[in-house]
Amino acid sequence: MENYSQVTKTISLERYGIKNAKVNYQLSPEALHDISIEKGLGIEASSGALAVNTGEFTGRSPKDRFIVKDAITKDKIWWGNINIPFEVDQFDKLYNKVVDYLSDKEIFVRDSYACADDDYKLSIRVINEYPWSNQFAYNMFLRPTDEELESFSPEWTVVNAPGFMAIPDADGTRQHNFAILNFTKKIALIGGTGYTGEIKKGIFSALNFILPVFKDTLPMHCSANVGKEGDTAVFFGLSGTGKTTLSTDPNRSLIGDDEHGWTKENTIFNFEGGCYAKVINLSRDNEPEIFDAIKKGAILENVILDASGHVDFEDISITQNTRVSYPIHHIENIQVPSMGKNPKNIFFLTADAFGVIPPISKLTPSQAAYHFISGYTAKVAGTEAGVKEPQPSFSACFGAPFMPLHPSKYAEMLSKKMTEAGVNVWLINTGWTGGPYGVGTRMKLKYTRAMINAVLDGHLGLYNYDDYHIHSVFGVAQPRTCPGVPTSVLSPRATWNDDEAYYTMAFKLTNAFRENFKKFEDHCSEEIRRGGPQRYAF
Ligand code: ATP
Ligand code: MN
């Protein structure tokens with residue numbers, strides 16, 4: 001636990017239009033934990049963590065994420081069904097209704113930062129209806145010192161009112177919940193949903209516009225850690241592919257588990273001050289660092305407890321997207337501050353439910369650009385409302401829902417930085433082996449870890465291309481052997497025991513790649529187009 005002195009400063013919310021509120025400013029996480037329990041909004045698990053239910057929403061709702069179309073955004077945002085426009089006047093009206101709703105209530109307010117590099121720090125005031133949402137903000141954002149708090153001047157404001165229900169016809173929303181970014185007023189307005197991920201991903205999305213447009217910095221949906229020699233590794237991947245799991249490694253210092261910036265000064269920095277791990281099927285044997293981070297201060301979401309307060313991590317009766325948030329110092333081996341040098345290795349994580357992508361392969365620069373723009377995974381059920389069955393999914397930059405600009409903007413920056421830094425790029429399939437979802441099994445975590453370790457300690461990087469097999473369908477370089485991994489696991493075709501079925505499925509996937517890539521072709525050079533799969537079904 002960090003040292004906590006009593007905060008004596010008081011603030012008024014009148015200037016936000018929130019009147020007569022009982023303001024709880026900058027309460028300690030202990031106090032927020034206790035208040036949540038007193039109010040019957042949570043219970044204490046046997047580990048000491050606070051367990052809450054987030055309500056109707058147990059995942060983000062991408063169809064209800066809007067951006068106000070104004071002078072700053074209108075010509076820069078890639079508008080469409082990811083970045084849905086919202087009218088300026090409509091926002092003002094809805095904002096007024098939300099602050100009216102929050103008036104006369106007991107409110108929890110917290111000042112915090114995003115971006116661990118002092119040169120990029122963004123000050124944020126988070127205004128919550130619920131105490132546990134405010135404790136989430138304590139866990140996930142960077143915590144100012146007492147001295148910083150004295151002179152704190154908030155630039156962005158998050159207004160979070162889970163109990164406020166919009167009326168779509170009057171308010172211009174799709175349904176009763178919404179998350180709206182306003183870059184002129186610097187407000188993230190969230191209502192109708194208690195899912196905490198909307199708070200962190202709201203600020204992430206704001207930074208994904210601010211950093212590339214104004215600060216020449218590439219924002220990345222990735223985790224990062226650093227080895228004893230100062231070698232940084234970065235792990236891109238969509239939800240459930242293993243960013244949090246694989247970056248939490250006792251032998252390497254954790255920089256962050258989800259959101260980073262890559263600066264023009266050849267450094268990377270974490271945006272956040274905490275981690276937000278999936279806990280479905282969590283076991284101490286497989287993931288001891290995350291398991292032990294679940295103690296007083298951590299917040300468990302949507303898990304089932306038995307009478308003695310033990311969590312059943314296999315119980316997904318509320319959602320598959322069960323989660324825990326904890327401040328980063330709940331992990332033992334962390335990098336302080338949360339920064340690193342240019343990455344030496346970049347991993348693209350994919351949970352391929354088709355079971356056809358090799359568990360590890362090395363990418364050429366054009367393949368790296370192609371796969372970054374494609375952002376393939378199979379959507380693992382749970383993190384998004386409405387997704388129950390796994391399905392193939394392409395999400396540009398491994399994070400399209402959070403990227404306000406056209407994907408080619410981020411791809412160009414990444415390609416340039418990767419070339420300048422001479423990074424090795426690896427594609428890791430943490431998904432299925434021995435057949436597709438339903439037939440095969442998920443890749444063993446210990447094998448994925450062994451593959452990543454083999455890269456990080458130089459065992460694979462030193463090999464020459466004779467030690468690789470160029471995959472006949474995907475064109476990627478598949479190592480023939482890897483320390484700690486049975487050779488038979490390295491070739492997906494071999495694990496299937498049915499060549500014809502394997503190729504049929506592989507072509508089904510490459511066709512999906514080709515179909516998806518069509519919308520980016522005009523933005524990409526011939527070289528990048530050549531980075532795609534080599535064979536398709538006709
Ligand atoms: P999000 O963006 O939603 O935070 P994430 O990329 O951080 O997602 P994780 O929280 O790391 O994803 O989730 C990966 C899940 O898959 C964990 O529950 C982990 O236990 C499980 N898993 C099973 N097999 C593997 C594997 N081979 N590699 C990585 N994770 C695996
Ligand atoms: Mn994660």
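I need the full set of residues from the range 72-104 which are loosely packed, with under 14 Cβ neighbours inside 10 Å and among the polar types (S, T, N, Q), in order please.
Within the range 72-104, 81, 96 meet the criteria.
So, residue 189, is that one over 14 Å from the mean Cα position of the chain (by Cα), surrounded by 23 or more Cβ atoms within 10 Å (Cβ to Cβ), aliphatic (A, V, I, L, M) and within 16 Å of ligand 1 (Cβ to nearest atom) or not?
The answer is no for residue 189.
Could you list, in sequence order, the residues of the range 291-331 that are part of a helix (DSSP H, G or I) and among the β-branched types (Val, Ile, Thr)?
If the condition is that a residue be part of a helix (DSSP H, G or I) and among the β-branched types (Val, Ile, Thr), then 328 is the only one that fits.
Here is a check on your reading of the model: is residue 184 in contact with an Asp or Glu (Cβ under 6 Å, 6 or more places away or on another chain), in a loop (DSSP other than H, G, I, E, B) and within 23 Å of residue 404 (Cβ to Cβ)?
yes
Checking the structure you have, find out if any residue of the range 161-172 is touching a helix residue (DSSP H, G or I) at 6+ places or on another chain (Cβ under 9 Å), part of a helix (DSSP H, G or I) and of a type outside the set (S, T, N, Q).
yes
Looking only at the range 234-251, which residues are among the charged types (D, E, K, R) and within 9 Å of ligand 2 (Cβ to nearest atom)?
243, the sole residue that qualifies.
Enumerate the pairs (first residue in the range 24-45 and assigned to a helix (DSSP H, G or I); second residue anywhere and open to solvent by 60 Å² or more (accessible area, probe 1.4 Å)) with beta-carbon separation below 7 Å, excluding pairs fewer than 6 apart on the same chain, so at least 6 apart or on different chains.
What qualifies is 37/43; 37/44.
Please state which of the following conditions residue 190 fails to meet, knowing it meets all the rest: (1) of a type outside the set (Lys, Arg); (2) out of contact with any helix residue (DSSP H, G or I) (no Cβ under 8 Å at 6 or more places or on another chain); (3) assigned to a strand (DSSP E or B).
If we test residue 190 against (1) of a type outside the set (Lys, Arg); (2) out of contact with any helix residue (DSSP H, G or I) (no Cβ under 8 Å at 6 or more places or on another chain); (3) assigned to a strand (DSSP E or B), just (2) comes out false.
Can residue 200 be described as farther than 30 Å from residue 88 by Cβ, basic (Lys, Arg), within 16 Å of ligand 2 (Cβ to nearest atom) and surrounded by 23 or more Cβ atoms within 10 Å (Cβ to Cβ)?
No.
Kindly list the number of the only condition in (1) farther than 19 Å from residue 202 by Cα; (2) at pLDDT 95 or above; (3) among the polar types (S, T, N, Q); (4) open to solvent by 60 Å² or more (accessible area, probe 1.4 Å) that fails for residue 36.
(4)
Of the residues 497, 464, 453, which is within 16 Å of ligand 1 (Cβ to nearest atom), open to solvent by 50 Å² or more (accessible area, probe 1.4 Å) and of a type outside the set (Phe, Trp, Tyr)?
After applying the criteria, what remains is 453.
Show me the strands (runs of 3 or more DSSP E) entirely contained within the range 251-290 in which 1 or more residues are at pLDDT 95 or above, surrounded by fewer than 24 Cβ atoms within 10 Å (Cβ to Cβ) and within 14 Å of ligand 1 (Cβ to nearest atom).
Hits in the range 251-290: 274-278.
Can you tell me which condition residue 435 does not meet? The list is (1) in contact with a helix residue (DSSP H, G or I) (Cβ under 7 Å, 6 or more places away or on another chain); (2) assigned to a loop (DSSP other than H, G, I, E, B); (3) open to solvent by 40 Å² or more (accessible area, probe 1.4 Å); (4) not charged (D, E, K, R), and all the others hold.
(3)
The values are calculated or read from the model by the stated rules, or taken from the named source; none is laboratory data. All figures in this text were calculated on a predicted structure; none of them were measured in a lab. Note that each Cβ is placed from the backbone with ideal geometry, even for glycine, and that neighbours are counted across all protein chains shown. In case anyone asks, the SASA skips ligands and DNA or RNA and just uses the protein heavy atoms, side chains included. Shrake-Rupley method; radii C 1.70, N 1.55, O 1.52, S 1.80 Å.
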